[in-house]
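Okay, structure first, notes after.
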Amino acid sequence: MEDMPARSAPPMVLIVDDNEPTANALAKVLKAARFEAAVSYRGGDAVEYAQRHPVSAAIVDIHLPDLSGLVVTQKLRERLGPSTPIIILSGDTSMEMLNALSHVGATYFFSKPVNSAQLVERLQEWTGGQRDKGTRGQGEGVAR
């Protein structure tokens, strides 16, 4: 009997968005692309989750009910280290917000509505996730 190679667990992506339909839709897209997804609707809950669980990447909305997404990103960066991708997902494309992203440790920015295929491709590149060709060409919006 041959030894079967151990299967690695799918990358875990933490989704932080107070808009429940958006967060749940993102989780569904990511699961279809063979990621695991954890959803937090509040920034403080997301930071607590990242302290207790391994996270391969995070997607963070800027406008949250309890903390700014910029503060959440900074706290996640401190917890997750420099190599974990943290993607900002927001409809706020003001220069002030965009200029703040590098200061809090954000890896990338996508404007809402997001092109889900581009988001999945980026996550796969950064986490080494399996590419699921079925997600190509779906979604709306423009990545920045």
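For the reader, a short list of remarks on this structure follows.
- Residues His53, His63 arranged by fewest to most Cβ contacts within 10 Å: His53, His63
- Euclidean distance of C-alpha centroids, the stretch 53-121 and the stretch 30-48, integer Å: 13
- The residues Ser68, Ser83, Ser90, when put in order of fewest to most other Cβ atoms within 10 Å, stand as Ser83, Ser68, Ser90.
- For Val71 and Ser8, a Förster radius of 30 Å and the Cβ-Cβ distance give a FRET efficiency of 0.40, rounded to the nearest 0.05.
- Shape class for the stretch 12-125: rounded, because the ratio a/c of the largest to smallest gyration tensor axis (alpha-carbon atoms, square roots of eigenvalues) is under 1.5.
Just so you know, all these numbers are worked out from the coordinates, no wet-lab data involved. As the structure is a prediction and not an experimental result, all values here were calculated from the model. Backbone-built Cβ (ideal geometry, glycine too); neighbour counts: all protein chains shown.
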